[in-house]
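Just below is one structure, and these are the notes that go with it.
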Amino acid sequence: LRACNNESRGALIVLEGLDRCGKTSQSSRLVSYLEGLGHSAELWRFPDRTTSVGQMISAYLLNQSELDDRTIHLLFSANRWEKRSMMETKLKAGTTLIVDRYSYSGVAFSSAKGVDLEWCKAPEIGLLSPDLVLYLDMPPEKAAERGGYGDERYERLEFQKKVAQCYQILRDPAWKMVDACQPIEDVQKQLQKIVLDNVLACRKGKPLSL
Ligand code: DGP
Ligand code: NA
Ligand code: NA
């Protein structure tokens, strides 16, 4: 599917990694960087806690509700599905989306609980595929040291170790691995270079993968 007959489109760029690896601040810095270069860019994140599905997810993460592992898995997926058409509209209009977590978090966090990997992947089929996946690589022990974990459900070292293993299983050769233990400015510089190449490729009319 070609975006708007030869018109350039935005790039769908996903950041993944363990909790506390620096994804959120790196994502917002990337948006500022692209905007500074005159590109249209937006910061998105999943879960998007502002929707009604997102509020159910948020309550679960805050341990205010209990949900079966498959039920919460499907809610996380539904939260991406409810945003799909808006993502497509924005990309086709030329806006690059920097997305803090996406389907890979969905599969990694649920399969870390022991839910079957293929079952976890199924509801993600048909969502927009990213042009670029940036994995902020950091050992779970190191991430846990960073200011400590909060009170959210998954912020426990033993669980994050399992998530890291699941990300390794999911990891694709096309993923760009960035050492997130480097100083924040160095991580940012590496990310900027990789992202810029991909944004430019999409502006040259790279087809929107669906
Ligand atoms: P964040 O807002 O990025 O801190 O994410 C909240 C927590 O939810 C974090 O521990 C990662 C986890 N998470 C994010 N997306 C998914 C998902 O699709 N499925 C599951 N099971 N967990 C997710
Ligand atoms: Na978190
Ligand atoms: Na985050």
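Read-outs: derived from the displayed coordinates by stated rules, not from any lab. Here the structure is a predicted model, which means the values were calculated and not measured. Cβ: placed from backbone, ideal geometry, glycine included. Neighbour counts: every protein chain shown.
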With only helices counted (DSSP H, runs n ≥ 4, each -39500 (n - 2.57)), the per-residue ellipticity at 222 nm for the chain, to the nearest 500, works out to -15500 deg cm²/dmol
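For the stretch 1-124, what is the charge dipole size about the Cα centre, in debye to the nearest 20, if Lys and Arg each add +1 at the Cβ and Asp and Glu each add -1 at the Cβ? Could the numbers behind the result be given before it?
Values: 16 positive and 15 negative charges, 65 e Å.
Roughly 320 debye for the stretch 1-124.
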Eigenvalues of the alpha-carbon gyration tensor of the chain, times 5 and square-rooted, give semi-axes in Å, largest first, of 27, 21, 15
Among Pro173, Pro47, Pro130, the residue with the largest mean-square fluctuation in a Gaussian network model of the chain built from Cα contacts under 10 Å is Pro173
With Cα coordinates, the longest principal axis of the chain makes an angle with the long axis of helix 52-61, in degrees rounded to 10, of 40
Pairs over 29 Å Cα to Cα, from Lys142/Lys204; Lys90/Lys193; Lys83/Lys176; Lys92/Lys176; Lys23/Lys90, come to Lys142/Lys204
Fewest-first ordering of Trp44, Trp81 by Cβ atoms within 10 Å yields Trp81, Trp44
Of all C-alpha pairs within the stretch 1-83, those more than 22 angstrom apart amount in percent to 44
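In what order do Asp179, Asp137 fall by count of nearby beta-carbon atoms within 10 Å, going from fewest to most?
Lowest to highest Cβ neighbour count: Asp179, Asp137.
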If every Lys and Arg gets +1 and every Asp and Glu gets -1 at its Cβ, then about the Cα centre the stretch 143-194 yields a dipole, in debye to the nearest 20, of 220
Nearest-0.05 FRET efficiency for Arg70 and Leu43 at R0 = 45 Å, using Cβ-Cβ distance, is 0.90
Any aspartates and glutamates whose Cα falls less than 18 Å from that of Lys121, other than same-chain ones fewer than 8 residues away, would be Glu16, Asp68, Asp69, Glu82, Asp172
Magnitude of the Cβ-charge dipole (Lys and Arg +1, Asp and Glu -1) of the stretch 112-168 about the Cα centre, nearest 20 debye, reported as 120
Scalar couplings 3J(HN,Hα) for the stretch 40-45 by Karplus 6.51 cos²θ - 1.76 cosθ + 1.60 (θ = phi - 60°), nearest whole Hz, x for Gly and Pro, are 7, 8, 9, 8, 10, 8
Tilt, helix 23-36 to longest principal axis of the chain (alpha-carbon atoms), in degrees rounded to tens, equals 10
